[in-house]
Amino acid sequence: MTSSPSSYVPLPTLLDTERTFLNEHEGCTKCRKFYINHHSRDCPTGFPKGKGYKTLTITDALTAKQGKNTSTSTTISKPTSKPVAATTPPSDDDNEELSTIAAVLPSISDYSSDSEEDDLTIHDVSAPIKSKHLVWHCQVHGLTNDFPVKTCALIDNGAHLVLIRPELIAELNLKKHHLHMPEPVDVALKNGQNSQTELYEYIKLSLTSLDAVWTLKSVRALITPGLCMPVILGFPFLIHNTIVTDHKACSCIDKWSNYNLLNPLPVSPPPPPKPCLKEQLKELKADKKLVLTELMMVCNTHFKNHKLQPEIVEDFNVAGAIHEHIELLAAKDALLK
């Protein structure tokens with residue numbers, strides 16, 4: 001008689017300590033008995049039942065060595081909470097029993113043995129320590145130079161401002177504007193402490209892609225000395241220009257024009273200019289000559305094959321034409337009278 005699913009108790013996973021005891025005392029990792037003359041591959045007994053299972057200890061190994069059948073192992077108690085993969089510091093309001101949370105993870109050695117019950121797969125999910133920044137190579141026009149100046153900008157969706165170096169402003173000779181109120185900026189991890197800086201000036205910044213296809217809408221960039229990049233484009237740039245950022249694909253796409261700032265599509269060459277009217281007439285005459293030549297060839301072929309019969313046309317009746325014209329003039333004269 002088979003047991004119902006509700007009464008089924010799974011067999012606990014073999015612990016590292018139990019495996020060590022079985023290996024040292026000639027045991028089987030399948031039936032989990034000591035001093036047995038077989039291995040897990042040819043075990044005739046099979047796995048023990050999960051209900052009432054007791055954890056193997058060194059006392060069980062010594063008892064089996066002396067030929068005794070007693071067991072002093074303790075029963076595995078059911079955990080009161082789900083295992084977690086991290087430890088958190090206890091708070092003052094937590095109970096003493098929940099103040100320490102241990103990480104319970106399967107050991108790699110549990111799946112490297114010849115045991116048949118360990119049919120599991122370990123998925124190694126490791127996130128990278130660091131990733132590349134989203135840097136946009138662009139150009140900016142100044143007031144003194146006739147040609148744009150190439151620069152690079154860091155696209156940072158964690159910054160709430162648009163920042164620019166004062167050296168780039170001096171090179172472009174851009175006009176500065178004063179803020180009504182200074183903007184405080186905190187710089188973390190500098191000499192081990194947070195240092196606060198106030199920004200007082202800004203410029204109106206507009207950048208253009210290197211292929212001159214896309215130009216961003218003008219944003220206000222605060223002048224920041226000692227900036228790590230020439231330009232940092234934060235949330236005002238992303239919101240004002242409707243930029244959608246995909247961090248995995250490393251793409252920043254304008255939602256309206258579908259232009260990718262970081263990976264733009266190759267620019268197709270412009271179409272050739274249309275020829276002038278004189279050239280068009282010359283080509284038209286040449287095409288007409290070719291069509292007439294082809295038509296004559298087709299007609300001659302049909303005549304040779306007797307596919308076309310010529311139409312017999314009567315000779316021109318001169319007297320009839322004169323008589324018809326006289327009648328026309330007489331009718332016109334009668335209408336005038």
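Remarks
- Test for ASP118: is it loosely packed, with under 10 Cβ neighbours inside 10 Å, over 22 Å from the mean Cα position of the chain (by Cα), modelled with pLDDT under 85 and more than 21 Å from LYS248 (Cβ to Cβ): no
- The stretch 257-287 - residue that is under 22 Å from ILE155 (Cβ atoms) and surrounded by 10 or more Cβ atoms within 10 Å (Cβ to Cβ) and, of those, farthest from the chain's Cα centre (by Cα): SER257
- In the stretch 294-330, the qualifying residues are those that are exposed (fewer than 10 other Cβ atoms within 10 Å of the Cβ) and among the polar types (S, T, N, Q), and the one that is modelled with the lowest pLDDT is GLN309.
- Any hit, the stretch 165-179, residues being under 22 Å from HIS133 (Cβ atoms) and of a type in the set (D, E, K, R): yes
- Considering the stretch 29-61, the residues that are farther than 16 Å from ARG19 by Cβ and without any contact (Cβ under 8 Å) to a residue 12 or more places away in the chain include one that is surrounded by the fewest Cβ atoms within 10 Å (Cβ to Cβ), namely ASN37.
- Whichever residue in the stretch 1-28 is more than 17 Å from LYS65 (Cα to Cα) and at pLDDT 70 or above and, among such residues, is surrounded by the most Cβ atoms within 10 Å (Cβ to Cβ): LEU14
- Candidates ILE232, ILE203, filtered to the one that is in contact with an Asp or Glu (Cβ under 6 Å, 6 or more places away or on another chain), surrounded by 11 or more Cβ atoms within 10 Å (Cβ to Cβ) and assigned by TED's automatic domain parsing to the domain that holds PRO184: ILE232
- Residue check, HIS240 out of contact with any Pro (no Cβ under 9 Å at 6 or more places or on another chain) and at pLDDT below 85: no
- Selection count where residues are among the aromatic types (Phe, Trp, Tyr) and under 17 Å from GLU183 (Cα atoms), scope the stretch 219-251: 1
- Hits in the stretch 185-196 (condition: in a strand (DSSP E or B) and either more than 27 Å from TRP136 (Cβ to Cβ) or at pLDDT 90 or above (or both)): GLN193, ASN194, SER195, GLN196
- THR245 touching a residue at least 12 places away in the same chain (Cβ under 8 Å) and touching a strand residue (DSSP E or B) at 6+ places or on another chain (Cβ under 6 Å): yes
The values are calculated or read from the model by the stated rules, or taken from the named source; none is laboratory data. Computed from a predicted model, the values in this text were never measured in an experiment. Note that each Cβ is placed from the backbone with ideal geometry, even for glycine, and that neighbours are counted across all protein chains shown.
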